[in-house]
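For reference, the structure discussed in these notes is given below.
The values are calculated or read from the model by the stated rules, or taken from the named source; none is laboratory data. Note that the coordinates shown come from a computational prediction; the quantities given were computed from them, not determined experimentally. Cβ: placed from backbone, ideal geometry, glycine included. Neighbour counts: every protein chain shown. These accessible areas exclude ligands, DNA and RNA; they are computed on the full protein's heavy atoms, side chains included. Shrake-Rupley method; radii C 1.70, N 1.55, O 1.52, S 1.80 Å.
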Amino acid sequence: MNNFSFTKALDMDTAISLTSGNDHNKLIAGGTNIIDLLKYFITEADTLVDINSIPGISKIAENETGGIRIGALVTNADTAYHAIIEEKYPLLSKAILAGASAQIRNMATNGGNLLQRTRCYYFYDIHTPCNKREPGSGCSAIQGYNRIHAILGHSESCIAVFPSDMCVALSVLDAVVHISGPEEERNVAFSDFHRLPGDTPESDNNLKRGELITAIDLPEKGFSKYYSYLKLRDRASYSFALVSVATGLDLENGLIKEARIALGGVSPKPWRVKEAEDFLKGKEPKIANFEATAQMILKGAKGFEHNRFKIELAKKAIVRNCMMALDPTSQRAGAKPSL
Ligand SMILES: Cc1cc2nc3c(=O)[nH]c(=O)nc-3n(C[C@H](O)[C@H](O)[C@H](O)COP(=O)(O)OP(=O)(O)OC[C@H]3O[C@@H](n4cnc5c(N)ncnc54)[C@H](O)[C@@H]3O)c2cc1C
Ligand code: SF4
């Protein structure tokens with residue numbers, strides 16, 4: 001860790017001016033990721049700017065469109081256990097609680113969750129080439145140990161995955177990210193927030209220099225009746241997803257009116273395929289239809305030496321999760337899954 005100074009920003013303008021004026025001034029919210037990045041020399045800070053005292057971005061409240069606004073500084077734990085989230089957006093609660101540990105969720109903020117960096121082993125090892133950490137140096141994972149890496153959306157420059165659980169649910173819920181910056185305030189659809197690596201893997205998302213996430217809006221539709229989040233990983237807890245799936249279904253007269261399915265742990269951003277979701281419209285919610293959807297979602301998937309298993313695993317996870325969404329009570333502790 002390099003030596004840095006520490007300051008508390010008491011308002012948004014101060015935080016924006018400190019970070020827009022110097023790329024080496026870094027924001028800190030819960031600190032659960034940025035501190036590791038500093039300790040491992042993956043990033044450096046001249047000044048660490050604590051944003052926890054900025055007013056107005058640490059609450060959850062209904063918004064003007066019947067949905068809900070979740071402040072960037074609200075912790076993952078307070079979000080997951082908030083009464084409105086539990087009732088109207090249980091998919092989000094479930095996804096958050098599948099992540100990290102109770103202690104980390106108590107510190108981790110929602111804004112920080114969107115901006116956490118990949119868990120690629122080589123990214124965290126400064127003695128190995130990594131295009132994301134040091135553009136142009138190469139990618140150690142492509143020919144290396146790539147068990148946790150991407151099967152969709154990767155490029156020749158980088159095959160890392162985005163590790164968040166919360167964001168997989170936010171993708172299904174069609175969240176909108178609110179941003180304040182030196183030039184403007186803007187809203188970005190969740191699907192446009194994170195980016196694929198292409199030949200610039202150093203940028204994980206479309207946030208510009210000096211910009212802060214202020215809130216995340218969820219539209220009214222929360223899929224509170226038919227939903228499920230399934231996380232498959234090497235350990236039962238405190239482990240990142242090898243494959244995860246968020247599903248929200250809307251049924252009418254026994255047929256699927258709307259289906260949304262996002263994958264996590266397999267790509268550089270939560271992965272949704274509109275064509276596969278549209279295919280389910282008007283169809284019966286049964287295994288054969290979910291299997292056909294899974295084939296469509298995994299179309300074009302390419303694995304590497306140690307992670308090819310993820311392709312079949314993801315297909316099976318999609319089918320199982322869609323069946324579980326039909327009976328969310330099956331996901332309570334001790335219940336047997338429907339499949
Ligand atoms: C051991 C461990 C296990 C974990 N397991 C999981 C898991 O299973 N699933 C999962 O989803 N996550 C997991 N996490 C990740 C954890 O959820 C994130 O580290 C956390 O959400 C980041 O939030 P934070 O507030 O601590 O961010 P910080 O570490 O404070 O910041 C992270 C980044 O975001 C920037 N930032 C923070 N807030 C803002 C803002 N409002 N606007 C602009 N920039 C901002 C910071 O500058 C920094 O670059 C794990 C973390 C650890 C350490
Ligand atoms: S996969 Fe991406 S993050 Fe991992 S070594 Fe390659 S370039 Fe770096």
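Any residue that is of a type in the set (D, E, K, R) and either assigned to a strand (DSSP E or B) or more than 15 Å from the chain's Cα centre (by Cα) (or both) - is there at least one of those in segment 136-152?
Here is the first cut: in segment 136-152, the residues of a type in the set (D, E, K, R) are 147.
Still in the running and either assigned to a strand (DSSP E or B) or more than 15 Å from the chain's Cα centre (by Cα) (or both): 147.
So far as segment 136-152 goes, yes, one or more of its residues are of a type in the set (D, E, K, R) and either assigned to a strand (DSSP E or B) or more than 15 Å from the chain's Cα centre (by Cα) (or both).
Among the residues that make up segment 101-122, is at least one of them open to solvent by less than 20 Å² (accessible area, probe 1.4 Å), of a type in the set (Gly, Ala, Ser) and not assigned by TED's automatic domain parsing to the domain that holds ARG233?
Yes - at least one qualifying residue is present in segment 101-122.
Would you pick out the residues in segment 191-207 that are in contact with a helix residue (DSSP H, G or I) (Cβ under 9 Å, 6 or more places away or on another chain) and of a type in the set (D, E, K, R)?
Taking segment 191-207 and keeping what is in contact with a helix residue (DSSP H, G or I) (Cβ under 9 Å, 6 or more places away or on another chain), we get 191, 193-194, 204-207.
If the condition is that a residue be in contact with a helix residue (DSSP H, G or I) (Cβ under 9 Å, 6 or more places away or on another chain) and of a type in the set (D, E, K, R), then ASP204 is the only one that fits.
Take the residues in segment 5-23 that are in a loop (DSSP other than H, G, I, E, B) and modelled with pLDDT under 95; name whichever of them is farthest from CYS120 (Cα to Cα).
Filtering segment 5-23 down to residues in a loop (DSSP other than H, G, I, E, B) leaves 9-11, 22-23.
Add one more test, that the residue is modelled with pLDDT under 95, and what stays is 22-23.
Details: ASN22: 27, ASP23: 24 Å.
Per the criteria, the residue is ASN22.
Given the conditions (1) more than 24 Å from ALA317 (Cβ to Cβ); (2) of a type in the set (S, T, N, Q); (3) touching a strand residue (DSSP E or B) at 6+ places or on another chain (Cβ under 7 Å), report the number of the one that SER203 does not fulfil.
(3)
Which count do you get for residues in segment 207-238 that are open to solvent by less than 70 Å² (accessible area, probe 1.4 Å), assigned to a loop (DSSP other than H, G, I, E, B) and in contact with a Leu (Cβ under 9 Å, 6 or more places away or on another chain)?
7
Which of (1) open to solvent by 20 Å² or more (accessible area, probe 1.4 Å); (2) farther than 22 Å from PRO219 by Cβ; (3) of a type outside the set (S, T, N, Q); (4) over 19 Å from the mean Cα position of the chain (by Cα) does ALA29 not meet, given it meets every other one?
If we test ALA29 against (1) open to solvent by 20 Å² or more (accessible area, probe 1.4 Å); (2) farther than 22 Å from PRO219 by Cβ; (3) of a type outside the set (S, T, N, Q); (4) over 19 Å from the mean Cα position of the chain (by Cα), just (4) comes out false.
Only one of these conditions is not met by THR43: (1) among the polar types (S, T, N, Q); (2) open to solvent by 40 Å² or more (accessible area, probe 1.4 Å); (3) over 30 Å from ILE261 (Cβ atoms). Which number is it?
So the condition that THR43 fails would be (2).
Which residues, taken from segment 282-330, are open to solvent by less than 40 Å² (accessible area, probe 1.4 Å), in contact with a Ser or Thr (Cβ under 6 Å, 6 or more places away or on another chain) and at pLDDT below 95?
SER330
Somewhere in segment 249-257, is a residue open to solvent by 40 Å² or more (accessible area, probe 1.4 Å) and modelled with pLDDT under 95?
Within segment 249-257, not a single residue is open to solvent by 40 Å² or more (accessible area, probe 1.4 Å) and modelled with pLDDT under 95.
Could you figure out which of (1) acidic (Asp, Glu); (2) surrounded by fewer than 20 Cβ atoms within 10 Å (Cβ to Cβ); (3) more than 20 Å from LYS302 (Cβ to Cβ) isn't true of ASP204?
With (1) acidic (Asp, Glu); (2) surrounded by fewer than 20 Cβ atoms within 10 Å (Cβ to Cβ); (3) more than 20 Å from LYS302 (Cβ to Cβ) applied to ASP204, the lone miss is (2).
Find all pairs meeting these conditions: Cβ atoms under 6 angstrom apart; at least six residues apart or on different chains; first residue within segment 94-121 and under 13 Å from SER244 (Cβ atoms); second residue open to solvent by less than 50 Å² (accessible area, probe 1.4 Å) and acidic (Asp, Glu).
From segment 94-121, the pairs are ALA95/ASP165; ALA98/ASP165; GLY99/ASP165.
Mind listing just one residue for me: the one in segment 81-100 that is crowded, with 24+ Cβ neighbours inside 10 Å and over 13 Å from SER164 (Cα atoms) and, of those, nearest to ligand 1 (Cβ to nearest atom)?
LEU91
With the condition kept exactly as written, say whether any residue in segment 56-64 is part of a loop (DSSP other than H, G, I, E, B) and either touching a Phe, Trp or Tyr at 6+ places or on another chain (Cβ under 8 Å) or aliphatic (A, V, I, L, M) (or both). Steps first, answer last, please.
Taking segment 56-64 as the starting set, the residues that turn out to be part of a loop (DSSP other than H, G, I, E, B) are 56-59, 63-64.
Filter again for either touching a Phe, Trp or Tyr at 6+ places or on another chain (Cβ under 8 Å) or aliphatic (A, V, I, L, M) (or both), leaving 57.
For segment 56-64, residues part of a loop (DSSP other than H, G, I, E, B) and either touching a Phe, Trp or Tyr at 6+ places or on another chain (Cβ under 8 Å) or aliphatic (A, V, I, L, M) (or both): present.
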